[in-house]
Each structure stands twice: as C-alpha cells, then as structure tokens.
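Below is one structure; the comments refer to it alone.
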Amino acid sequence: MATKTAPRTDLPDTKPAGLETAKKLGLREEEYARIQEILGRVPNFTELSIYSAMWSEHCSYKNSIRLLKTLPRTGPKLLAEAGSENAGLVDIGDGWACAFKIESHNHPSAIEPYQGAATGVGGINRDIFTMGARPIAQLNSLRFGDITKEKSSRWHMRGVVKGIGDYGNAFGVPVLGGEVYFDPCYTTNPLVNAMSVGIVRTDKVISATSHGVGNPVFIVGSATGKDGIHGASFASKDITETSMDDLPAVQVGDPFMEKLLLEASLELAQTDAIIGMQDMGAAGITCSTSEMSAKGESGMDVHLDRVPTRQEGMRPWEILLSESQERMLVVVKKGREKEVKAIFDKWDLHCVDIGTVTEGGQVRFYWNGELVADVPAESLVLGGGAPVYTREEREPAYIKENKKFKAAKVPEPDDLMAVAYDLLSSPNIASKRWVYEQYDTMVRTGTMTTNVPSDAGLVLVKETGKALAVTVDCNGRYVHADPYVGAMIAVSEAARNIVCSGGEPCGVTNCLNFGNPYDPEVYWQFANVIKGMGEACVEFKTPVTGGNVSFYNQSVTEKGEVAVFPTPTIGMVGILNDINKRMTMAFQEKGHLLFLIGKVTDDIASSEYLVRHHKVHRSPAPYFDLRDEHLTHVVVAHLIKKGLISAAHDVSDGGLWTTLVEMGLPNALGFDIVTDSEVRPDAFLFGEGQGRVIIALNEDNETEFLDIMRISKVPFILLGHVTKGKLVVDDEPFGFIEDARKVYEEAIPKAMSEQ
C-alpha cells in the first residue's frame, strides 16, 4: 500500500536510490522490488538503509523464522509469547517472574574481541532490565580455535574473556556458569554467546510496545555516535580477509553508564508513567521505533536532529542505524514527561523527547523539520512484512561416512592411566579456572555454588527464598556428527544439569550458531537441529521462550569456505523451590558408595577420547535415547527430594573418568571403582554415551536407594566407593586426586602463557 506522503528528493540522503545501491547495502533484487511495491515509489537512500538493516538476516530472521515457529512456544509457566518481548518470561511463583535470554556477538568478537564481547554482555543485560527486571545472573558459552597451536585463538580468548569480565564486573552481575570449547573450525569465527537472567514482579513487567496518539517518545541513556553503524548487516555476512575494514561496525561499551541506566530504568518501572520501553540493539533507533510501533499497531513521528550525538556532522541515516550502546527508547504517557525526565536527570543520563506516537502504521523520520524517510512499521519487522524464505537442504556426504564408524576397529590403548591423564590435559576437558577467575561470581551475594559446586549455577532469589538453577550447554561436535540427535543431546544435557543441581527445568532460550544459510548443507543442519531441539523441549516440558539465530559463521580462506560446527547453544532456567534440597557435584565423605545411573554401552563415538587419542574425526553422535534420558532425570530428581544421595554429577565430555575426577577435586577425595567386564575399559571410562549420572550416597541409605532403583527400572550399577585421595581403577593405582588436579588445572594456563 502506498504511503500518503513522500520525502523530498532534493535533500542529502533523500535522493532516489536504485538497484545497484540496494545490492551494495546487502539487499537482493527481489527485495528491492518488494520495497518499491510497499512504498509505491522508489525508496531514497535513507529508506533503503532502513530496509537493509531491518531485512538483514540478523534482524529479520528471514531464513530461519519459518522453522523457528515449529518450536514449542507454550507452557504453564510462560508469561510472554515467545519472541514477543525483549526477553523470555516465566512464572517462578510468589508474584515473581524470571526474564532470561541468550544472544550472540560472534562477528564483532572475531575482529575486535574485547569490545565485541563486552558489548554483547551489555546488550543482553539491557534486554532484561528494559522489561523492568533486575539482572541477577550471567552465563556465557564461548568457542575458540585450538589455543595450543593458534596465536590468533589465544588473542581471541584473551580479549573475549577480559571484555566479559571487565564489563560484567563493573556492571555488577555475577557470572554463575558457562562453557568454553575449542576446535579448529572456530579459528576465524569464534562464538561468543552471552546469557542474562533477571527477576521482576509480574505486575511490574514493561512491554516493548507503543500506543496512544500524542504520547511522547524519548531516547534515554548515552549519546549516539558512529560506532556500530550497519552492525546488523555486518553480522549477516561471512568473515573474509576484508572484514577488518568493517571495524566501525563494532560497538563500544561503557559499563558504568549501563549501571546508571539500569538503576534509572528500574526506578522508572516502579511508576506507571510509561507505555513501553525497548533496548536499542541491532539497527538502533530504526529497530526500536519500528518494532514498538508494529507491536502497538501505531506509528511514530521522530525528529532525528533532536537525538543527542557525540560526533558532529552525523547524517540522518547514520543516526538511524548507529548501534551505540547504553541507549533505550521510551514511550511516555502524555503529561508525565517531567516525572520521567526527573528520574533520568537524577542519574545524570540523557532523556530527550524526539517524537510522538501517531495514528496509523507509518514511522516517519524528520531532519530539521523536513521529512527524510517514511515507511510502514509493519513492513520492517519480524513476522510482518519482512521477507520469509525457504532455503534448499542437502544432507552432507560426511553424515553417511559417520555412520560407517565401527568402534570394534579402534584399538584399545595399552596404558589406560596415561590416556586418562592426557584426557584431563585437553583444553576441552581441563579446568576453565583461567576463564572464570576473571569474572566476579560473588557480587550481590546471591550465588550459591561458589563453595558448593553443582552441575548448574544456583542463585538465591532473596525475595522468595527460592533459587534459580541456570545453565548453558551444547557440544558442537555431537551436533556436527548428527544435527538431529546432537540438538536433542544439547537440550537434554541442560535439563540434566538443572535436575542434578536439585532444580526443575521450566524454560529454554537458545542461540543458534551456523554457517551460511544459502549453503544447502548448512541449511540441512539447521532444519534438523530445529527438529531435534523441538522434540526434546516437548519431552522435558521446557518451551522455547525466545533466543537468537546467528548465521554466516563461515569464513572464506585459501582452502575454500569453512563453517563452524552447527552450535545450538541451549540456555535453560529451572526452579529450586526448597533450597535445602540443592545438590552438589562434590564427594562429601570417604566411604560413600558410588553408583552409575543410566545405560552402560560400548560407545566411544564423537568422544574427546576418540578424537584426541585416536585422531578419528568421523563418527556418529554418542549413544542417546530421549525417553531413557528423561527417566534418568525423573529418578535422580526423586532421589534428591528424598534426601538419599550426597552428590550427583552428569556424565558428559570426557566420560565417566572425567566425571569422577571433577567430583573428587572440590574436597580432595578420590575413588576406587571397578569397570564393567562386558564393556571395553576405554569405552567404560572415556565413552560419552548420554543419559547417565554418577551419584554418591551413605551406606545407610543404600537399601532405600536400591528399592527405588528397582522400581524405576532405570539401569544402574555399583561403581565403587569414595577414598581419602587415591584413584583406583580395577585394583590398579591411577595416582592421587592431587596428581589429577595438577594436570587438570595447569593445562589452559600453560597454553595461554604462550604469546
């Protein structure tokens, strides 16, 4: 439908823009034609820039939204429709809700690791507090190349970790958990996925909407600069040798300004003076004005010359597309302007009236009183007029190669102990202390897992006496080996971690990291991941509350194009209603019995052991059965509630051996175990078959434990017992827990000490 007015064409940036300009801005020919159809005329440069940003992959999800809509998006605890607000929202009882979300900042971190990671943390926290929620926990999921061989990967890791630490520590939210994984496929394209979790009264939630003709529109927070311009477009293309030329697309963060913005926003949330509020993330003012207008079925008149800038001579399109940090758009109830301004003045922040809400769906941008852009809001947004595509899918040839793998053809090692200790020195298995010691984990004094570690991070919700259990999980190697099964495993491990900590899973946010969606093999991976993730979320009753898709994690090299492993990072939140029932992963006392719950298999597929020791990179995903996995969760949750066990830890990367070592390290206790005579010892110790948990218990509880296990019909075996510090396998000495600690804790610092 044509707009009633058109911008002048004799002003800077308002001259008609043709197809060649559209292509340079990343738009396709058919998209340019569609824009002309929507406007009823040729767009000008500013309008074309708006569509370029909003129809980029990063903002429009044009190649993923069709499949994303198949994910389970409803549940009894869900308080907001998936993707409809700045973050997901679930009911945690007592009149309180949990707002949580995970997002990527991969491309910025690839070319400027420190600011890329820092602004990723800032952006995800703003998504939480724009809803009126106070962030109480952060997590992150990081992927890098081989730090033992690649100088660039060490540079990425140093910058990313310092960026997360400096921003998060200054902002004042504890990091409760995370994961770090290394593989050569992430050398050029590191993955930086940041998650934030907050709490809000259910009657104080702020929506990202706009309505009410005549209501003023304010920009609050920092001034606008030229950093981050076309950041959304930059995130929607492959990394190449010329990507450093796009460095201005990386935003610059200020955590102290964000802290002020947080407190001002939460003070504002206690009033009823506003209609809605939204963070200015990707595409800046363009995104927030169009999305809030579309949601509220209204329009806006915005005067760009009123926007506070920190650089002289900024042009309208630059102000529109700037992704400068620590800014938000607020729609205020008419007549309440002074009240709102007083709050932001108190916190020494900009609070400037830049426009008004209008009738109809047009978003109009003015410069010194002259109209420079006039577009229908609905045509810009996800689920509205933005394009939706179905891409070609093709199963990669390597999938069939993986299925040919036979464990029987892999020789068993002569020296199990040597392999066991070498495994502990793998950066994928070794302690990530080098990373997490740079983060503040104790700020706000709500963290419950610093001295009593558990599989998920636990944070006390002081207002209710309950706790939230939070985790991020994904093994990209499993997903690459079998996207459908690997995605189910990612969801299952997240749920397993919540359960082993004593919590009940209640919702999922996801960060889906893939290569180029125009590559049929990449899109096949994506489609199968969505299918697997959806089935697992249905099984565990954990609806998808929202998240992020990051395509184009694919680099052009001399050897051709290299995509990262498909990496669907799962962020999961659970509720621990009784904090006295929280469970640790740490052995508590010498003599406690050790049991393995779950099926024992001869499986070594996709294990760190198979790749590191045998150099076998082609195998299927490890053993997995969704129904059996869920039954294991049910029985472990029951054992924890009954108070029968003293420790629980899921078997994941590195297998049973690594799990036992990790359980022994906190209290310097060891173990004496016996392997299953019907399973090859290397598979028993190092295989990564899923759906398994190791538990410890006092002998006094053994009878009741056995009664429950027999009724449950979940497979289990007695492994052995906890020792004072010796490590014994099949009566063979495997050293002491302090020997294991030395190898486990020194591996990453040693690698990172290299320049």
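The values are calculated or read from the model by the stated rules, or taken from the named source; none is laboratory data. Please read these numbers as outputs of a predicted model, since none were measured by experiment. When we count neighbours, we look across all protein chains shown, and the Cβ atoms used for this are built from the backbone with ideal geometry, even at glycine. We work out accessible area using only protein heavy atoms, side chains counted, and drop any ligands, DNA or RNA first. Shrake-Rupley method; radii C 1.70, N 1.55, O 1.52, S 1.80 Å.
Just a few scattered comments:
- One residue stands out in the range 131-171 among those that are among the β-branched types (Val, Ile, Thr) and in a loop (DSSP other than H, G, I, E, B): the one that is nearest to residue 208 (Cα to Cα), namely 147.
- Exactly one residue among 77, 23 is open to solvent by 20 Å² or more (accessible area, probe 1.4 Å), free of Cβ contacts under 8 Å to residues at least 60 places away in the same chain and out of contact with any His (no Cβ under 9 Å at 6 or more places or on another chain), and that residue is 23.
- For the range 557-565, the condition holds for no residue, the condition being that it is open to solvent by less than 10 Å² (accessible area, probe 1.4 Å), outside any helix (DSSP H, G or I) and closer than 25 Å to residue 719 by Cα.
- One residue stands out among those in the range 677-690 that are in a loop (DSSP other than H, G, I, E, B) and of a type in the set (Asp, Glu): the one that is surrounded by the most Cβ atoms within 10 Å (Cβ to Cβ), which is 688.
- Some residue of the range 733-749 being in a loop (DSSP other than H, G, I, E, B) and farther than 28 Å from residue 606 by Cα: no
- Against the test of being of a type outside the set (Lys, Arg) and open to solvent by 20 Å² or more (accessible area, probe 1.4 Å), the options 469, 408 yield a single qualifying residue, 408.
- In the set (1) open to solvent by less than 60 Å² (accessible area, probe 1.4 Å); (2) more than 28 Å from the chain's Cα centre (by Cα), the condition left unmet by residue 389 is number (2).
The rows are residues; the columns are (1) surrounded by 24 or more Cβ atoms within 10 Å (Cβ to Cβ); (2) of a type in the set (A, V, I, L, M, F, W, C); (3) modelled with pLDDT under 95.
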| residue | (1), (2), (3) |
| --- | --- |
| 99 | yes, yes, no |
| 139 | yes, yes, no |
| 143 | yes, no, no |
| 148 | no, no, no |
| 163 | yes, no, no |
| 169 | no, no, yes |
| 172 | no, no, yes |
| 177 | yes, no, yes |
| 186 | yes, no, no |
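- Residues of the range 321-338 that turn out to be within 12 Å of residue 272 (Cα to Cα) and buried (at least 24 other Cβ atoms within 10 Å of the Cβ), as a count: 2
- Listed conditions (1) open to solvent by 20 Å² or more (accessible area, probe 1.4 Å); (2) closer than 28 Å to residue 38 by Cα are all met by residue 290, apart from (1).
- The strands (runs of 3 or more DSSP E) falling completely within the range 457-518 include none with 2 or more residues that are under 15 Å from the mean Cα position of the chain (by Cα) and of a type in the set (Asp, Glu).
- For residue 104, the test of being within 28 Å of residue 563 (Cβ to Cβ), open to solvent by less than 10 Å² (accessible area, probe 1.4 Å) and of a type in the set (Gly, Ala, Ser) is failed.
- Number of positions in the range 533-546 that are under 18 Å from the mean Cα position of the chain (by Cα) and either aliphatic (A, V, I, L, M) or surrounded by 24 or more Cβ atoms within 10 Å (Cβ to Cβ) (or both): 7
- Contact map, the range 728-742: residues that are open to solvent by less than 50 Å² (accessible area, probe 1.4 Å) paired with residues that are among the acidic types (Asp, Glu) and at pLDDT 95 or above, Cβ distance under 9 Å, separation 6+ or inter-chain. Pairs shown: 728/672; 729/672.
- Failed criterion for residue 457 (all others in (1) open to solvent by less than 20 Å² (accessible area, probe 1.4 Å); (2) touching a helix residue (DSSP H, G or I) at 6+ places or on another chain (Cβ under 6 Å) hold): (2)
- Looking across the range 703-722, the residues that are open to solvent by 20 Å² or more (accessible area, probe 1.4 Å) and assigned to a strand (DSSP E or B) come down to 716, 717, 718, 721.
- Spans of helices (runs of 4 or more DSSP H) in the range 23-96 with at least 2 residues of a type outside the set (A, V, I, L, M, F, W, C): 29-39, 45-54, 57-60
- Whichever residue in the range 615-625 is open to solvent by 30 Å² or more (accessible area, probe 1.4 Å) and touching a residue at least 60 places away in the same chain (Cβ under 8 Å) and, among such residues, is farthest from the chain's Cα centre (by Cα): 616
- Flag if residue 750 is basic (Lys, Arg), open to solvent by 10 Å² or more (accessible area, probe 1.4 Å), modelled with pLDDT of 95 or more and within 23 Å of residue 612 (Cα to Cα): yes
- Residue 226 vs. criteria surrounded by fewer than 23 Cβ atoms within 10 Å (Cβ to Cβ), in contact with an Asp or Glu (Cβ under 7 Å, 6 or more places away or on another chain) and either over 30 Å from residue 426 (Cβ atoms) or among the hydrophobic types (A, V, I, L, M, F, W, C) (or both): yes
- Some residue of the range 522-542 being without any contact (Cβ under 8 Å) to a residue 60 or more places away in the chain and within 21 Å of residue 471 (Cβ to Cβ): yes
- Each residue in the range 188-197 was checked for being open to solvent by 10 Å² or more (accessible area, probe 1.4 Å) and more than 15 Å from residue 513 (Cα to Cα), and 0 of them qualify.
- Residue check for residue 180: touching a residue at least 60 places away in the same chain (Cβ under 8 Å), out of contact with any Cys (no Cβ under 9 Å at 6 or more places or on another chain) and under 29 Å from residue 425 (Cβ atoms): yes
- Candidates 674, 693, filtered to the one that is of a type in the set (Val, Ile, Thr) and crowded, with 24+ Cβ neighbours inside 10 Å: 693
- Counting only residues that are part of a helix (DSSP H, G or I), among the hydroxyl-bearing types (Ser, Thr, Tyr) and closer than 18 Å to residue 465 by Cα, the range 428-454 holds 1 of them.
- Of all residues in the range 355-384, those satisfying the criterion of being in contact with an Asp or Glu (Cβ under 9 Å, 6 or more places away or on another chain) and open to solvent by less than 20 Å² (accessible area, probe 1.4 Å) are 355, 357, 358, 363, 365, 372, 373, 374, 375, 377, 380, 381.
- Where residue 115 falls short, out of the listed (1) in a helix (DSSP H, G or I); (2) out of contact with any strand residue (DSSP E or B) (no Cβ under 7 Å at 6 or more places or on another chain); (3) under 24 Å from residue 566 (Cα atoms); (4) of a type outside the set (Lys, Arg): (3)
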